[in-house]
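J.: Before I ask anything, here is the structure I am working with.
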Amino acid sequence: QKEVEQDPGPLSVPEGAIVSLNCTYSNSAFQYFMWYRQYSRKGPELLMYTYSSGNKEDGRFTAQVDKSSKYISLFIRDSQPSDSATYLCAKSPYTGGFKTIFGAGTRLFVKA
Amino acid sequence: KAGVTQTPRYLIKTRGQQVTLSCSPISGHRSVSWYQQTPGQGLQFLFEYFSETQRNKGNFPGRFSGRQFSNSRSEMNVSTLELGDSALYLCASSLGVAGGRFGEQFFGPGTRLTVL
């Protein structure tokens, strides 16, 4: 079993839809949870990170962490064709090093 | 400011050869991490260098090695290439300390390595 499980999709939605992306994780030793977005032929870019359980909102994006069920979610409101990308969830220890563990990534297509 | 740069962007090698990839971090960043990305295994951590010292290491064989120079630029070397080494190799730079925006990692565009 991988430490971070993520459905690779693809997920296809119409423009304007609410998108829900999800991950589950094991090994609660890691404290930080992140979402990255990766466009084709580009490196991942950090979208959001959370440290504790609960919601964190940034514009159209909301990250949610439920440590009791080991569940991580990213919601995208009013999705746009420019949101079409691969979304990777990740977790990382609270140390000076960066041994980040990524999910497989979910490929999202937003149709105009 | 300039982002993370990686050279070369594409490489084609044959089995048994060795390869060196280069990464120039964002100015002021002292930490460089390397990752391997494949369709089957996803993004996997190789190692991290901070101030010319390897600080963390993933679960890859010794054929994968790296180093960091005093200007924070880093190189990754893979010896005796195997077909399974075909992947996108990404480097990420950061300040290397936790706190604030958690020492956000900035990724380069990657080097696409194909082993024939």
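The values are calculated or read from the model by the stated rules, or taken from the named source; none is laboratory data. Quick caveat: nothing in here was measured; it's all calculated off a predicted structure. Note that we place each Cβ from the backbone using ideal geometry, even for glycine, and neighbour counts take in every protein chain shown. Ligands, DNA and RNA are excluded from the accessible area calculation, which covers all protein heavy atoms including side chains. Shrake-Rupley method; radii C 1.70, N 1.55, O 1.52, S 1.80 Å.
J.: Could you calculate the FRET efficiency of residue A:7 with residue B:73 from 1/(1 + (r/R0)^6), where r is the beta carbon distance between them and R0 is 45 Å, rounded to 0.05?
T.: On the way: r = 37 Å, r/R0 = 0.83.
Step by step, r from the Cβ atoms, then E = 0.75.
J.: Additional query: Applying a 10 Å radius around every beta-carbon, put A:31-44, B:58-71 in order of their mean neighbour count, most first. Intermediate values should be presented prior to the final figure.
T.: Values: A:31-44: 18.9, B:58-71: 13.5.
Ranking, from highest mean packing down: A:31-44, B:58-71.
J.: Please give the residues of region B:1-41, grouped as numeric ranges, whose backbone N is less than 16 Å from a label point set 7 Å along the Cα-to-Cβ vector of residue B:63.
T.: Taking a point 7 Å out along Cα→Cβ of residue B:63, the residues of region B:1-41 whose backbone N falls under 16 Å are B:12-21, B:36-38.
J.: To continue, here is another question. To the nearest hundred square angstrom, how large is the accessible surface buried between B and A, total for both chains, probe 1.4 angstrom? Working shown, then result.
T.: Numbers: alone 6310 and 6290 Å², together 10630 Å².
What B and A bury together is about 2000 Å².
J.: Which whole-percent values make up P(r) of region A:3-66 when all C-alpha to C-alpha distances are grouped in 5 Å steps starting at zero?
T.: Pairs per bin, as whole percents: 4, 12, 23, 27, 21, 10, 3, 0.
J.: Semi-axes, largest first, in whole Å: what does sqrt of 5 times each Cα gyration tensor eigenvalue give for chain A?
T.: Numbers: eigenvalues 108, 42, 32 Å².
For chain A, the ellipsoid semi-axes come out as 23, 14, 13 Å.
J.: Here's another thing I want to ask about it. Across region B:39-90, what fraction of all alpha-carbon pairs, as a whole percent, falls in each successive 5 Å bin from zero upward?
T.: Result, from short to long distances: 4, 17, 29, 26, 15, 7, 2, 0 percent.
J.: Skip the ligands, DNA and RNA, and give the accessible area per residue of chain B with a 1.4 Å probe, whole Å².
T.: Values: 5360 Å² over 116 residues.
Here the residues of chain B average 46 Å² of exposed surface.
J.: Quick one: with all protein chains in place, what share of the accessible area of the protein assembly as shown is carbon or sulfur, to the nearest percent (1.4 Å probe)? Intermediate values should be presented prior to the final figure.
T.: Details: 5340 of 10630 Å².
Of all accessible area on the protein assembly as shown, carbon and sulfur atoms account for 50 percent.
J.: How long are the three semi-axes of the equivalent ellipsoid of chain B, in whole Å, if each is the root of 5 times an eigenvalue of the C-alpha gyration tensor, listed from largest down?
T.: Details: eigenvalues 113, 37, 35 Å².
Equivalent-ellipsoid dimensions as semi-axes: 24, 14, 13 Å.
J.: Something else now. Return a whole-number percent for the relative contact order of chain B, with Cα pairs under 8 Å and 6 or more residues apart as the contact set.
T.: Values: 293 pairs, mean separation 41.6, N = 116.
It rounds to 36 percent for chain B.
J.: Give me the Å³ per residue figure for the convex hull around the C-alpha atoms of the protein assembly as shown. Numbers along the way, then the final one.
T.: Numbers: hull volume 28.9 nm³, N = 228.
Cα-based convex hull of the protein assembly as shown, divided per residue, equals 127 Å³.
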